[in-house]
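Remarks on the structure that follows.
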Amino acid sequence: MRRRLFTLEQANHLIPWLERTFQRLMSSREQLDDTRERLTGIQRELQRLNGTFERYNEINSMQAELDTMDKELNEIVDEIIAEGIIIRDIPRGLVDFPHLRDDREVYLCWISGEERIEFWHETNRGFDHRQPL
């Protein structure tokens, strides 16, 4: 499958959608982390106290909840990837857009919070080597 190449305009058009999508992603991830933390606490308590049957039911319920959250998280990531965008760092909201510059592929680089794409870098370089457009 050939990789999608973005014009600067096409990539910038996706920025508002990406911001919303990363907000959803981070919210889902926080919920997932909170639920994992609660589950770990319950499991430790059960080990210490030789827990009751009700607590085991609670663990099973929380595990099902985690599975659902994990699936939702993966679906959000898949939405971004399906657009042809390369995710580099989920917590930072860092992505690259394949782009043709001077007849060679480079990456337009965007990080959550930037209003538009203003930087690019070589495909063998990363965020620290961004250059202004």
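Every number in this text was worked out from the coordinates using simple rules, so none of it is lab data. Here the structure is a predicted model, which means the values were calculated and not measured. Positions of Cβ are generated from backbone atoms using ideal geometry, with glycine treated the same way; all protein chains shown enter the neighbour counts.
If the chain linking Asp33 and Arg101 were pulled fully straight, counting 0.36 nm for each residue of separation and taking away their Cα-Cα distance, it would gain 20.5 nm. The charge dipole of segment 30-133, taken about its Cα centre with unit charges on the Cβ atoms of Lys, Arg (+1), Asp and Glu (-1) only, comes to about 400 debye. Only helical runs count toward this figure. For the chain, summing -39,500 (n - 2.57) over DSSP H runs of n ≥ 4 and dividing by all residues gives -19000 deg cm²/dmol at 222 nm. Computed on the chain, with alpha-carbon pairs under 8 angstrom and 6+ residues apart, the relative contact order is 24 percent.
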